[in-house]
Amino acid sequence: VQLQASGGGLVQAGGSLRLSCAASGRTFSSYAMSWFRQAPGKEREFVATISSWSGGSIYYTDSVKGRFTISRDNAKNTVYLQMNSLKPEDTAVYYCAVPRQGSDYDSQDGMDYWGKGTQVTVSS
């Protein structure tokens, strides 16, 4: 599985961005998908995850609840992260990843595949 994240950029606090992660392969719909982020000098942290197929199970880290929305379009082999009300502390490189089946969806050690990150910078 190859993952390509895009959509990052520079935005003012309070603004919005939508990240996309395009995946290769015919079985995208069978994968859960997660987003992580890594701020300068900090460890990579979990942001959001969406379950496979219809994406009926979604989880967020507390700091983004109510501001970020994860979704998927299986016809386009793409997962999205809509980010609203952005804050300077959201500044980070954002990565999409595929969780290993049966692993913890919020642990980077449980990911089978990673995409290259996309930089999000929020200015105050």
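The values are calculated or read from the model by the stated rules, or taken from the named source; none is laboratory data. The shown structure was predicted, so the numbers you read here are calculated from the model rather than taken from an experiment. Cβ atoms come from the backbone with ideal geometry, glycine included; neighbour counts cover every protein chain shown. To get the accessible areas, we keep the full protein, side chains included, count just its heavy atoms, and leave off ligands, DNA and RNA. Shrake-Rupley method; radii C 1.70, N 1.55, O 1.52, S 1.80 Å.
Projecting the alpha carbon convex hull of the range 35-82 along each direction and taking the average yields 3.8 nm².
In sequence order, the range 107-124 has phi-based couplings of 10, 5, 5, x, 9, 8, 9, 10, x, 6, x, 10, 7, 10, 10, 10, 8, 8 Hz under the Karplus curve 6.51 cos²θ - 1.76 cosθ + 1.60, θ = phi - 60°, and Gly or Pro positions carry x. As a length-normalised measure over Cα pairs under 8 Å and 6 or more apart, the relative contact order of the chain settles at 35 percent. Relative to the current alpha-carbon distance between Y59 and V1, full extension at 0.36 nm per residue lengthens the span by 18.6 nm. Over the chain, average the accessible area per residue using a 1.4 Å probe and give it in Å², no decimals. Per residue, the chain has an accessible area of 53 Å².
If only the Cβ of Lys and Arg carry +1 and only the Cβ of Asp and Glu carry -1, the dipole of the chain around its Cα centre is close to 360 debye. Taking the charge dipole of the range 22-124 about its Cα centre, with +1 at Lys and Arg Cβ atoms and -1 at Asp and Glu Cβ atoms, the residue from A22, S34, V93 reaching farthest to the positive side is A22. For the chain, the carbon plus sulfur part of the accessible surface works out to 44%, probe radius 1.4 Å. Taking the DSSP beta bridges with both ends in the chain, the antiparallel portion is around 90 percent.
Here the chain is described by how far its Cα atoms reach on the three principal axes: 41, 28, 24 Å, from widest to narrowest. So if we plug the beta-carbon distance of D73 and S123 into 1/(1 + (r/R0)^6) with R0 = 35 Å, what FRET efficiency do we get, rounded to 0.05? For R0 = 35 Å, the calculated efficiency reads 0.70.
Under 19 Å Cα-Cα from K87, which aspartates and glutamates qualify once same-chain neighbours fewer than 8 residues away are excluded? Cross-link targets: E43, E45, D62. In whole angstrom, how long is each semi-axis of the equivalent ellipsoid of the range 48-120, when you take the square root of 5 times every eigenvalue of its Cα gyration tensor and sort them from largest down? For the range 48-120, the semi-axes come out at 20, 15, 13 Å.
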